[in-house]
1. Of everything in the range 276-291, what is within 14 Å of ligand 2 (Cβ to nearest atom), closer than 21 Å to residue 41 by Cβ and not basic (Lys, Arg)? Give them in sequence order.
2. From the list 169, 186, pick out the single residue that is assigned by TED's automatic domain parsing to the domain that holds residue 19, surrounded by 13 or more Cβ atoms within 10 Å (Cβ to Cβ) and out of contact with any Phe, Trp or Tyr (no Cβ under 6 Å at 6 or more places or on another chain).
3. Can you pull out every residue in the range 122-137 that is modelled with pLDDT of 90 or more and open to solvent by less than 50 Å² (accessible area, probe 1.4 Å)?
4. List, please: which pairs have Cβ atoms under 7 Å, are six or more places apart or on different chains, and start with a residue in the range 147-167 that is touching a residue at least 12 places away in the same chain (Cβ under 8 Å) and end with one that is open to solvent by 30 Å² or more (accessible area, probe 1.4 Å) and polar (S, T, N, Q)?
5. Go through the residues of the range 199-215 one by one and say whether even a single one is over 29 Å from residue 52 (Cα atoms), surrounded by 19 or more Cβ atoms within 10 Å (Cβ to Cβ) and modelled with pLDDT of 90 or more.
6. Residues to consider are 263, 227; find the one that is in a loop (DSSP other than H, G, I, E, B), within 17 Å of the chain's Cα centre (by Cα) and closer than 25 Å to residue 283 by Cβ.
7. Here's a check for you: in the range 239-258, which residue that is within 14 Å of ligand 2 (Cβ to nearest atom) and in contact with a helix residue (DSSP H, G or I) (Cβ under 8 Å, 6 or more places away or on another chain) is least open to solvent (accessible area, probe 1.4 Å)?
8. Would you mind finding the one in 153, 91, 175 that is open to solvent by less than 40 Å² (accessible area, probe 1.4 Å) and in the same structural domain as residue 35 (by TED's automatic domain parsing)?
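The values are calculated or read from the model by the stated rules, or taken from the named source; none is laboratory data. Here the structure is a predicted model, which is why all the values come from computation and not from measurement. Glycine gets a Cβ as well: all are built from the backbone with ideal geometry, and neighbour counts include every protein chain shown. These area figures cover heavy atoms from the full protein model, side chains too; ligands, DNA and RNA do not enter into them. Shrake-Rupley method; radii C 1.70, N 1.55, O 1.52, S 1.80 Å.
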Amino acid sequence: MSRLQDATRRITLRLSDPDRVRILAAVATRGASYQWRRVLVITISQLILLAVPLTGTVRIDLWQGHHLLLGEQVGAVGAIKGFVVAMCVLWGFTFLTNIVVGRFFCGWGCPVGYVSRLGEDVQLKQRKPMRKFGAHLAGAGFVGTFVAALMLWWVDPRVLIEGSNTARATVVGIWLVLCLGGFMHAFGWRFGLCKTVCPIGLYYRYVTSSTPIGIHFDNQPDPCIECGACLKICPVDLEPRDLGRTMPADGDGEEELYGDAECIRCGDCVEACRMIFKGRPGEVPPLRFGRVERP
Ligand code: SF4
Ligand code: SF4
């Protein structure tokens, strides 16, 4: 085995999570309950990202300086101010969401997180060529649209028709490179990015505390059967049954609330638990997504 193959194998083993994909496949086979709600939330998120520059609400045009603010052409300073206001509005919305339901945006509304899911989707449909092709198509369409939406904030799309050959080649080249980054993310890093690198996630980790809505574990009326599916499916390596419990912090002997700040409220653990309890009719799954009753 060459050094490159060896390095690739090690990276793949380190970054992908076969246990999670295996359980996701089982959940999909037995009917995932959040699938369409997830598609709806991410579609709204993507539409907002597209609508702001396309309606001319804000655009900082790096091509010819045709900056826009509320549909009017403005100078660079006006567009930058508009951009800052738009970012503050988006931040305010996610901040309010964070108070009620924690990092829900990370688990449901973030396009980068959704790209991770689309990569997993390709993997779990591996044995059915047409479905695999469909998953590839969906992934490519989503990544291409997401990157285009990001670029529309910074360049007038008329560059593709009226621009010089150099300008067009530059725009298409940047789009292709960013799409390639999206594919690498989909098949490599995935939720590892949310857990370790994403600056927005890092910020949320510091501001999220106990929220009234989240993941709740209750051994009544029917107890957990200790199958471990919720633990293995968690994309950020949490133990969902311990969320919100007070635990000793590392080192300093103080106590802290476990996992509330790291949980991205994706609901995958709840789906896994429901899937397990589908084989136990009449029994109630102990994990649920909803109002959290703290001890
Ligand atoms: S604990 Fe559950 S909801 Fe939270 S990140 Fe893990 S799988 Fe998602
Ligand atoms: S998936 Fe449900 S039954 Fe299985 S370990 Fe988790 S809480 Fe218990």
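1. Answer for the range 276-291, where residues must be within 14 Å of ligand 2 (Cβ to nearest atom), closer than 21 Å to residue 41 by Cβ and not basic (Lys, Arg): 287, 289.
2. Just a single option satisfies the conditions, and that option is 186.
3. 134, 135 - these are the residues of the range 122-137 that are modelled with pLDDT of 90 or more and open to solvent by less than 50 Å² (accessible area, probe 1.4 Å).
4. Within 7 Å, the pairs are 156/64.
5. Within the range 199-215, one or more residues are over 29 Å from residue 52 (Cα atoms), surrounded by 19 or more Cβ atoms within 10 Å (Cβ to Cβ) and modelled with pLDDT of 90 or more.
6. Criteria check complete, one pass: 263.
7. 240
8. Sole residue among the options that is open to solvent by less than 40 Å² (accessible area, probe 1.4 Å) and in the same structural domain as residue 35 (by TED's automatic domain parsing): 153.
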